[in-house]
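Shown next, in structure tokens, is the structure this report addresses.
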Amino acid sequence: LQDQFDNLDKHTQWGIDFLEKYAKFVKERIEIEQNYAKQLRNLVKKYCPKRSPKDEEPRFTSCIAFFNILNELNDYAGQREVVAEEMGHRVYGELMRYSHDLKTERKMHLQEGRKAQQYLDMCWKQMDNSKKKFERECREAEKAQQSYERLDNDTNATKADVEKAKQQLNLRTHMADENKNEYAAQLQNFNGEQHKHYYVVIPQIYKQLQEMDERRTIKLSECYKGFADSERKVIPIISKCLEGMILAAKSVDEHRDSQLVIDCFKSGFEPPGDFPFEDYSQNIYRTISDGTISTPKQEGMRVDSKTTVGKAKGKLWLFGKKPKPQSPPLTLTSLYTSSTPNGSQYPIFSIEPVHYCMSDIKTGKPRIPSFRSLKRGYFCLQGPALEDFSHLPPEQRRKKLQQRIDELNRELQKETDQKDALIKMKDVYEKNPQMGDPSSLQPKLTETMSNMDRLRMEIHKNEAWLSEVEGKVAARSDRRHSSDINHLVTQGRESPEGSYTDDANQEVRSPPQQHAHPNEFDDEFEDDDPLPAIGHCKAIYPFDGHNEGTLAMKEGEVLYIIEEDKGDGWTRARRHNGEEGYVPTSYIDVTLEKNSKGA
């Protein structure tokens with residue numbers, strides 16, 4: 001059975017090698033799980049938003065859902081780490097400890113088997129030696145007997161030689177008997193040890209090796225199960241993570257996102273109005289021989305509503321093309337330079353309006369209304385952030401002011417609570433002087449009261465700005481509503497270059513001229529007392545002020561504001577020397593005085 005012992009030695013060694021091989025597999029799986037979790041966390045960290053607390057970026061539902069998915073993915077990565085930790089503790093660590101114990105136990109059993117085999121070999125050698133000695137003594141005894149018989153039959157042999165041969169025979173026979181007894185004893189001992197070896201010792205060692213190998217198999221089975229259980233334990237949590245991702249996907253609301261975009265970019269400005277009809281056919285009347293033309297009939301002055309609407313559609317550029325810069329229109333009333341004694345006006349042409357139009361076409365000077373949006377965008381992108389947020393559009397300014405007022409109210413509430421607490425503490429100190437000095441709280445109380453006064457002033461100031469913005473937005477809404485009602489009745493916008501006529505079918509834009517009727521100009525621009533200044537402005541762009549009623553200004557020049565923009569794009573201003581006129585609102589940076597708003 002020695003060869004079977006060797007086979008069992010090889011088999012148990014293979015079992016331990018297989019155990020270590022599986023342990024190595026588990027270790028590599030743990031490393032994969034750890035690397036996977038690490039890469040997932042790095043991915044989440046890479047795409048997680050890095051926003052400061054002051055960041056007021058609109059939180060769209062799609063963005064919130066993505067951030068929730070990232071959080072769930074981060075939890076999922078944590079579960080992969082739990083799987084790796086559980087495998088390392090329950091499977092890999094247990095396998096390595098059991099492998100070490102298994103090697104020790106196998107070594108001990110193999111040593112016991114080898115010792116038993118060595119002892120059996122030693123018994124066999126002793127028995128073999130005694131057998132060989134007994135065999136040798138038997139041959140010597142046979143030789144002694146033959147010698148004695150030969151001498152005994154020889155007549156010539158002396159009696160002494162015969163006696164000597166007889167003694168030698170007896171000695172050899174006695175030694176052969178002793179060796180025989182020893183050989184028998186050794187043989188009996190060897191047979192007993194051999195029986196014990198093959199029927200007791202070796203089977204017991206083989207049984208121990210078998211039990212050891214079975215325990216190894218059971219341990220592998222338990223590790224296989226633990227390997228699967230490590231994954232199964234986290235399945236409920238992983239399922240919750242996946243459910244959270246599905247809920248995040250279902251929470252996306254396209255209508256809410258659209259409303260956030262509207263609230264974010266809503267400016268409160270009015271859209272640009274319709275462009276007026278510009279009649280350049282007046283110059284054809286120069287062909288009349290007397291150099292004058294009759295007053296155009298009202299039918300010729302009417303504007304085709306279809307043509308006007310069509311032009312307006314082509315001109316509006318809120319979401320479309322921006323209109324090309326155009327020169328100011330040459331209106332009919334600007335052609336009247338004198339009147340007859342009976343009050344009728346004759347159109348006497350001069351070269352100044354034509355020259356003005358040609359110079360505008362050559363220089364390509366943009367129309368004033370088209371710079372309104374440029375000014376808004378310029379200040380939104382490059383302008384300084386003013387305290388009253390006047391650099392923002394009305395709607396955004398209103399939102400910012402409301403947010404600031406809410407923050408100031410929260411701070412004021414904190415200061416009020418602190419003041420009440422200090423007052424209560426002061427009363428306790430006054431009633432129980434041993435608890436503290438009441439006068440020690442006075443500096444803190446004074447500071448709190450000062451902070452409350454400062455916050456109240458800030459709130460009042462911001463509320464005034466907010467009421468101003470809300471008033472402007474409401475006024476513009478009313479004007480927009482009125483403009484929508486009369487859209488097809490009246491075309492154009494009121495400005496210092498023209499005014500609406502009472503006739504809804506005929507509108508003539510007439511900027512005030514020097515030779516116009518004195519009463520018309522006096523009623524519109526002149527008063528007995530100058531208007532009070534309600535603010536000041538600074539010119540952003542130069543303005544030459546060709547038309548009557550406008551005021552020329554240079555870039556950087558500071559003027560007084562005596563009348564706000566009424567929605568027509570013009571603001572009435574006055575120089576330090578008392579010269580007054582209208583300037584384009586989009587060319588100036590306006591600052592209104594709070595205490596003069598009522599006036």
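Considering TYR224, TYR183, which residue is surrounded by 12 or more Cβ atoms within 10 Å (Cβ to Cβ), more than 60 Å from the chain's Cα centre (by Cα) and among the hydroxyl-bearing types (Ser, Thr, Tyr)?
After applying the criteria, what remains is TYR183.
From the set of residues in the stretch 453-471 that are at pLDDT below 85 and within 38 Å of the chain's Cα centre (by Cα), which is most open to solvent (accessible area, probe 1.4 Å)?
Restricting to residues being at pLDDT below 85 and within 38 Å of the chain's Cα centre (by Cα), the top hit is GLU470.
Table: residues versus (1) assigned to a helix (DSSP H, G or I); (2) over 30 Å from GLN396 (Cα atoms); (3) not β-branched (Val, Ile, Thr).
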position	(1), (2), (3)
ILE423	yes, yes, no
GLN442	yes, yes, yes
MET457	yes, no, yes
LEU466	yes, no, yes
VAL469	yes, no, no
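In this structure, does GLN145 turn out to be in a helix (DSSP H, G or I), open to solvent by 40 Å² or more (accessible area, probe 1.4 Å) and touching a Leu at 6+ places or on another chain (Cβ under 7 Å)?
When the stated conditions are applied, GLN145 passes them.
Anything in the stretch 544-576 that is free of Cβ contacts under 8 Å to residues at least 60 places away in the same chain, open to solvent by less than 30 Å² (accessible area, probe 1.4 Å) and either closer than 25 Å to PRO394 by Cβ or in contact with a Pro (Cβ under 9 Å, 6 or more places away or on another chain) (or both)? List them, or say none.
GLY549, THR550, MET553, LEU559, ILE561, ILE562, THR571, ARG572, ALA573 - these are the residues of the stretch 544-576 that are free of Cβ contacts under 8 Å to residues at least 60 places away in the same chain, open to solvent by less than 30 Å² (accessible area, probe 1.4 Å) and either closer than 25 Å to PRO394 by Cβ or in contact with a Pro (Cβ under 9 Å, 6 or more places away or on another chain) (or both).
Looking at ILE246, ILE218, ILE205, ILE235 in this structure, which one is surrounded by 14 or more Cβ atoms within 10 Å (Cβ to Cβ) and either under 30 Å from LYS107 (Cα atoms) or at pLDDT 90 or above (or both)?
None of the other options fit; the residue is ILE205.
Checking GLN13 against (1) in contact (Cβ under 8 Å) with a residue 60 or more places away in the chain; (2) within 43 Å of the chain's Cα centre (by Cα), only one condition comes out false. Which one?
(2)
Need pairs with beta-carbon distance below 8 Å; first residue touching a residue at least 40 places away in the same chain (Cβ under 8 Å) and over 15 Å from ARG232 (Cβ atoms) and within the stretch 82-96, second assigned to a helix (DSSP H, G or I) and hydroxyl-bearing (Ser, Thr, Tyr); sequence gap 6+ or separate chains.
Between residues of the stretch 82-96 that are touching a residue at least 40 places away in the same chain (Cβ under 8 Å) and over 15 Å from ARG232 (Cβ atoms) and residues that are assigned to a helix (DSSP H, G or I) and hydroxyl-bearing (Ser, Thr, Tyr), the close pairs are LEU95/TYR22.
Determine whether ARG41 is open to solvent by less than 90 Å² (accessible area, probe 1.4 Å) and part of a loop (DSSP other than H, G, I, E, B).
no
Of the conditions (1) surrounded by 11 or more Cβ atoms within 10 Å (Cβ to Cβ); (2) modelled with pLDDT under 85; (3) more than 39 Å from the chain's Cα centre (by Cα), SER477 clears all except one; give me its number.
The number of the failed condition is (3).
From LYS24, LYS50, which residue is free of Cβ contacts under 8 Å to residues at least 12 places away in the same chain, outside any helix (DSSP H, G or I) and surrounded by fewer than 17 Cβ atoms within 10 Å (Cβ to Cβ)?
Residue meeting the stated conditions: LYS50.
Please enumerate the residues belonging to the stretch 531-573 that are in a loop (DSSP other than H, G, I, E, B), within 48 Å of the chain's Cα centre (by Cα) and of a type in the set (Gly, Ala, Ser).
Across the stretch 531-573, the qualifying residues are GLY556, GLY567, GLY569.
Confirm whether LYS133 is assigned to a helix (DSSP H, G or I), out of contact with any strand residue (DSSP E or B) (no Cβ under 7 Å at 6 or more places or on another chain) and farther than 29 Å from GLU182 by Cβ.
It is false that LYS133 is assigned to a helix (DSSP H, G or I), out of contact with any strand residue (DSSP E or B) (no Cβ under 7 Å at 6 or more places or on another chain) and farther than 29 Å from GLU182 by Cβ.
Conditions: (1) of a type in the set (D, E, K, R); (2) crowded, with 17+ Cβ neighbours inside 10 Å; (3) under 30 Å from VAL26 (Cα atoms). GLU193 meets all but one. Number of the miss?
(3)
Listed residues GLU112, GLU86, GLU81; which is surrounded by fewer than 17 Cβ atoms within 10 Å (Cβ to Cβ), out of contact with any strand residue (DSSP E or B) (no Cβ under 8 Å at 6 or more places or on another chain) and part of a helix (DSSP H, G or I)?
One residue alone meets the criteria, GLU112.
Would you check which residues across the stretch 254-267 are out of contact with any Phe, Trp or Tyr (no Cβ under 9 Å at 6 or more places or on another chain) and either surrounded by 14 or more Cβ atoms within 10 Å (Cβ to Cβ) or within 17 Å of ALA65 (Cβ to Cβ) (or both) and list them?
Those that are out of contact with any Phe, Trp or Tyr (no Cβ under 9 Å at 6 or more places or on another chain) and either surrounded by 14 or more Cβ atoms within 10 Å (Cβ to Cβ) or within 17 Å of ALA65 (Cβ to Cβ) (or both): GLU254, HIS255, SER258, GLN259, CYS264, LYS266, SER267.
The values are calculated or read from the model by the stated rules, or taken from the named source; none is laboratory data. Remember, predicted model here, so these are calculated numbers, not experimental data. All Cβ positions, even for glycine, are placed from backbone atoms using ideal geometry, and neighbour counts span all protein chains on display. Ligands, DNA and RNA are excluded from the accessible area calculation, which covers all protein heavy atoms including side chains. Shrake-Rupley method; radii C 1.70, N 1.55, O 1.52, S 1.80 Å.
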